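Following this message is one structure expressed as C-alpha cells.
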Amino acid sequence: TPNLIQNSFTRANTLSVCELPQNITNLTATGFPSTVHATTYHRLLALPAFLIAMFLLGVPFALTFTRTRNLATVVGAGLGMGMGFYLFGNFTATLGMAGRLSPLLAAWAPTAIATLLALMLLVYLREE
C-alpha cells in the first residue's frame, strides 16, 4: 500500500530498535534496499558489547600507569586507541550502509576486534 511504502522511507536513525526489524521487512518486501536500516539495527544491537569492549580496552592502559609509564604516555595511548576504534567502527558502518560489507559484519567486527585486542593486552599486562 502507498502508506506502507511511505513509512518505509523513514530514516534509519529515527526508528527505535523495536521498529527497525519491521521496517527492514517492509523495505525488502517492496523491493527497496534495506542495507542502511539493517546496518543501523545491528549497530544498535552491538553498541552495549562495543562499549564493554572499549572499557576492557582502557583497563590495560589504566593499570600500566602505576607500573612503568608516565601519565601523558598512558593517557595519549588510551585516547588514541579509543579514537581509533571509534573511527574504525564508523568506517565499517559506512561500508555496511554502502553495501560493501554485510550489515552483521559491519556492526560486530569492531566489537570482536576490540575485545580480542583488549584480552591480548590484559594477558600481556599480566605477564609483565
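The values are calculated or read from the model by the stated rules, or taken from the named source; none is laboratory data. Source: prediction; values computed, not measured. With ideal geometry, Cβ positions are generated from the backbone for all residues, glycine too; neighbour counts draw on all protein chains shown. Surface areas here come from the heavy atoms of the whole protein model, side chains and all, with no ligands, DNA or RNA. Shrake-Rupley method; radii C 1.70, N 1.55, O 1.52, S 1.80 Å.
Mind listing just one residue for me: the one in the stretch 25-50 that is of a type in the set (A, V, I, L, M, F, W, C) and open to solvent by less than 30 Å² (accessible area, probe 1.4 Å) and, of those, nearest to the chain's Cα centre (by Cα)?
ALA46
Also, quick follow-up: Hand me the list of helices (runs of 4 or more DSSP H) wholly inside the stretch 20-128 holding 3 or more residues that are in contact (Cβ under 8 Å) with a residue 60 or more places away in the chain.
35-65, 103-127
Ok, one more. So which residues in the stretch 1-43 are modelled with pLDDT of 85 or more and hydrophobic (A, V, I, L, M, F, W, C)?
VAL17, CYS18, LEU20, ILE24, ALA29, VAL36, ALA38
Related question: Take the stretch 86-109 and flag every residue that is surrounded by fewer than 19 Cβ atoms within 10 Å (Cβ to Cβ) and among the β-branched types (Val, Ile, Thr).
The answer is THR94, and nothing else.
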